[in-house]
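S.K.: Questions regarding the structure given below will be posed in turn.
Nothing in this text is a laboratory measurement; each read-out follows from the coordinates by a stated rule. All of these numbers come straight from a predicted model, not from anything done at the bench. So basically every Cβ, Gly included, is an ideal-geometry build from the backbone, and we count neighbours across all protein chains shown.
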Ligand code: 1CP
């Protein structure tokens with residue numbers, strides 16, 4: 001064994017492992033990376049007694065009543081085909097399937113279907129979640145119209161409830177064909193041992209390779225009366241997840257995710273995690289120290305996963321197009337002005353109980369589909385070692401000054417301790433918000449923050465920013481790297497504290513050419529977004545970005561936020577329909593009479609064409625003198641005109 005892998009990798013730490021079928025191979029791989037595997041198989045397959053659902057599926061198939069079959073797993077597809085051939089005594093069903101539209105969720109079911117000579121009409125790309133299934137169905141050029149058609153799903157134990165709902169929303173009749181289900185293993189002792197090792201800190205790493213394992217571990221802990229203690233202990237544990245479906249379940253169960261491999265395979269999960277294991281463990285320790293233990297109200301996350309906002313973030317059909325507004329808490333609102341008359345803006349940001357009040361009041365008064373934490377992108381400036389003031393009329397004033405490479409070296413690494421007020425604000429806001437309402441956390445993007453630091457405040461020309469960028473690229477990249485490292489910690493802290501989504505504001509990046517964006521900004525923003533704990537949707541927003549929307553997408557984000565200078569239709573086509581889009585009413589349109597606002601809303605909804613994944617917003621923040629009634633009317637109009 002290479003000695004360096006033992007010291008870098010897991011460095012002798014115990015890794016709880018819940019995989020069953022491939023458990024042994026994974027344990028070996030963990031050991032080869034210097035870890036001590038603690039295998040705790042969390043499930044076993046139990047074929048469903050009798051084959052009633054398969055028989056019924058077979059009869060409907062032979063009667064020509066099945067339009068589409070979706071195969072979710074290789075093992076399940078094989079069981080289904082074996083059951084069909086034995087129940088119907090010949091290969092009539094296989095012949096019928098050769099004439100049916102068959103969708104396979106990845107290479108394993110494809111292999112099985114090939115063996116039976118069944119052509120796969122559509123194959124679903126990685127990471128093979130149910131979102132990709134929908135995407136494949138929605139945007140296949142043959143444009144399968146699901147309305148009124150019967151779609152059978154070969155189920156794989158964990159109910160793909162979200163997929164079923166989304167298919168029904170498209171007018172399909174869904175026929176569930178379960179072939180096996182998962183049960184707890186007969187011997188649950190290894191599982192109990194692993195749970196106890198996680199509780200008392202002996203296992204600082206845990207790996208989940210499917211969603212059912214997550215449920216079973218929590219079920220087992222519940223049986224032992226240890227569910228809440230396990231949730232709390234998990235705050236100290238680095239959790240690795242095989243992919244988005246497993247991560248979603250971890251979040252729903254009130255746990256977090258520190259790591260997902262680029263490709264949802266077991267080998268890369270261990271190899272890639274081993275490479276950054278020490279750094280992830282350290283990050284978890286810092287979060288644990290700074291983000292209060294009670295930070296999240298985790299059990300409640302399940303109440304929000306089906307909210308229109310989070311559905312749109314996942315590009316799922318929602319009953320209405322969700323809407324929230326940038327700067328929805330602010331001066332245009334009477335309640336805000338009253339609170340602000342008593343204390344300065346920065347004082348307000350640092351008072352968690354008032355942060356919660358302002359955040360909740362704004363979202364509730366507007367009837368918005370998400371709340372955004374009341375704070376500011378510039379709160380990270382003081383912890384970097386610079387001065388910050390907000391002067392009436394002039395906006396923010398940052399004192400440093402930062403002009404040279406030497407000044408940049410002097411800037412501190414962003415620590416989380418001085419930002420505890422943000423995390424505490426999240427905790428108190430979460431506790432005060434309706435459990436169904438998602439909370440958005442945010443930060444400025446590296447470019448926009450660098451511009452404030454270099455200009456000392458707002459700017460029109462970004463002269464100092466561009467001067468450094470062109471004249472001293474080394475110093476520029478050093479500044480961007482320092483900011484980016486801090487942003488990863490800051491946003492992961494917000495995620496740990498309980499936000500449901502994060503938005504990165506690159507408000508002023510539109511002052512750059514596409515070339516300069518690629519060279520001076522993209523790699524940094526990309527590193528920030530890649531460093532965020534998976535599972536929580538990311539909205540990446542910029543203004544003036546029409547000329548480099550592809551690059552913005554490349555930098556990352558599940559949803560791309562666009563301003564009003566580009567048509568939503570064209571923006572979405574450029575960005576690609578495998579991302580959500582947010583936008584894009586001109587904030588000044590809110591000064592117009594309500595009938596005009598109505599026309600503008602209708603136009604934007606028409607441009608989105610009812611595609612799942614549109615989040616309505618302004619193209620930039622609400623202006624301070626906007627009539628509050630018009631903002632409320634806007635929210636109602638979006639709901640009324642988009643109701644499906
Ligand atoms: O009461 C006051 O006088 C302060 C006004 C104010 C408010 C209400 C500032 C000062 N910031 C905020 C809140 C704020 N800022 C939020 C709260 C959540 C919400 O949206 O309701 C958010 C998300 C921000 C983000 C922010 N701050 C951005 C990005 C969004 C954008 O508008 O592009 C930027 C650029 C800032 C910097 C900032 N903060 C405040 C001012 C006056 C400025 C400068 C803006 C400029 O340079 O033009």
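S.K.: Run the quick spin-label model on residue 335 and residue 196: label points 7 Å from Cα toward the beta carbon, then report their separation in nm to one decimal.
M.R.: Spacing of the two 7 Å Cα→Cβ label points: 5.0 nm.
S.K.: Report, in degrees rounded to the nearest 10, the 0 to 90 angle that the Cα long axis of helix 74-87 makes with the longest principal axis of the chain.
M.R.: Long axis of 74-87 versus the principal axis of the chain: about 30 degrees.
S.K.: Using alpha carbon centroids, what distance separates segment 186-211 and segment 406-458, in Å?
M.R.: Rounded to whole Å, the Cα centres lie 34 Å apart.
S.K.: How much of the DSSP bridge set in the chain is antiparallel, in percent, rounded to the nearest 5?
M.R.: 15
S.K.: Continuing with the same structure: Please give the helix 189-199 orientation as an angle from the longest Cα principal axis of the chain, in degrees from 0 to 90, rounded to the nearest 10.
M.R.: 10
S.K.: If you don't mind, there's one more thing I want to ask. Once both axes come from the Cα atoms, what is the angle between helix 594-608 and the longest principal axis of the chain, in degrees from 0 to 90, rounded to 10?
M.R.: Value to nearest ten degrees: 40.
S.K.: Could I ask something else about it? In what order do 10, 345 fall by count of nearby beta-carbon atoms within 10 Å, going from fewest to most?
M.R.: Fewest-to-most Cβ neighbours within 10 Å comes out as 345, 10.
S.K.: Taking 2.2 N^0.38 Å as the expected size of a compact globular protein, what ratio does the Cα radius of gyration of segment 302-586 give against it, to two decimals?
M.R.: Here the Cα radius of gyration is 0.96 times the empirical estimate.
S.K.: What is the Cα centroid distance between segment 43-64 and segment 369-385, reported in whole angstrom?
M.R.: 54
S.K.: So how far apart, in nm, are the two label points at residue 577 and residue 36 if each is 7 Å from Cα heading toward Cβ?
M.R.: 5.3
S.K.: Relative contact order of segment 548-598: what whole-number percent is it, with Cα pairs under 8 angstrom and at least 6 residues apart?
M.R.: Averaging sequence separation for qualifying contacts and normalising by length gives 37 percent for segment 548-598.
S.K.: Can you give me the relative contact order of segment 146-271 as a percent, contacts being Cα pairs under 8 Å and 6 or more apart?
M.R.: Numbers: 171 pairs, mean separation 24.8, N = 126.
Relative contact order here is 20 percent.
S.K.: Something else now. Just the C-alpha atoms of segment 46-183: what Rg/Rh do they give, with Rh taken as the Kirkwood radius?
M.R.: Reported Rg/Rh (Cα atoms, Kirkwood Rh): 0.93.
S.K.: While we're looking at this one, here's another question. Where does each of 182, 324 land when they are ranked from fewest to most other beta-carbon atoms within 10 angstrom?
M.R.: With the fewest neighbours first, 182, 324 line up as 182, 324.
S.K.: In addition: Mind checking the log10 I(q)/I(0) for the chain at q = 0.11 Å⁻¹? Debye, one equal scatterer per Cα, no solvent, two decimals.
M.R.: Log10 I(q)/I(0), no solvent term: -1.16.
S.K.: What fraction of the DSSP beta bridges in segment 302-586 is antiparallel, stated in percent and rounded to the nearest 5?
M.R.: 25
S.K.: Hey, another quick one. Among 263, 630, rank each residue by its count of other Cβ atoms within 10 Å, from fewest to most, as a rough exposure measure. Mind dumping the intermediate values first?
M.R.: On the way: 263 13, 630 19.
Fewest-to-most Cβ neighbours within 10 Å comes out as 263, 630.
S.K.: Another question, if that's okay. Taking R0 as 22 Å, what FRET efficiency do you get between residue 121 and residue 92 from their Cβ-Cβ distance, rounded to the nearest 0.05? Walk me through the intermediate numbers first.
M.R.: Values: r = 20 Å, r/R0 = 0.90.
Between residue 121 and residue 92 the formula returns 0.65.
S.K.: Once you have the Cα-Cα distance between residue 644 and residue 515, take 0.36 nm times their residue separation minus that, and quote the gain in nm to one decimal.
M.R.: Full extension of this stretch gives 42.3 nm more.
S.K.: Right, here's the next one. So, R0 is 60 Å and r is the distance between the beta-carbons of residue 412 and residue 320; what FRET efficiency does that work out to, to 0.05?
M.R.: 0.85
S.K.: What full-extension length gain, to one decimal in nm, is calculated for residue 625 and residue 470 as 0.36 nm per residue of separation minus the Cα-Cα distance?
M.R.: Working it through step by step, the gained length comes to 52.0 nm.
S.K.: R0 = 45 Å: FRET efficiency of residue 147 with residue 25, Cβ-based, nearest 0.05?
M.R.: Numbers: r = 45 Å, r/R0 = 0.99.
Using R0 = 45 Å, I get an efficiency of 0.50.
S.K.: Give me the extension gain from residue 458 to residue 565: residue separation times 0.36 nm, minus the current Cα-Cα distance, reported in nm with one decimal.
M.R.: 36.4 nm
S.K.: Next question. Suppose a student asked you for the relative contact order of the chain, using Cα pairs under 8 Å spaced at least 6 residues apart; what percent would you report?
M.R.: Contact order relative to length: 12 percent.
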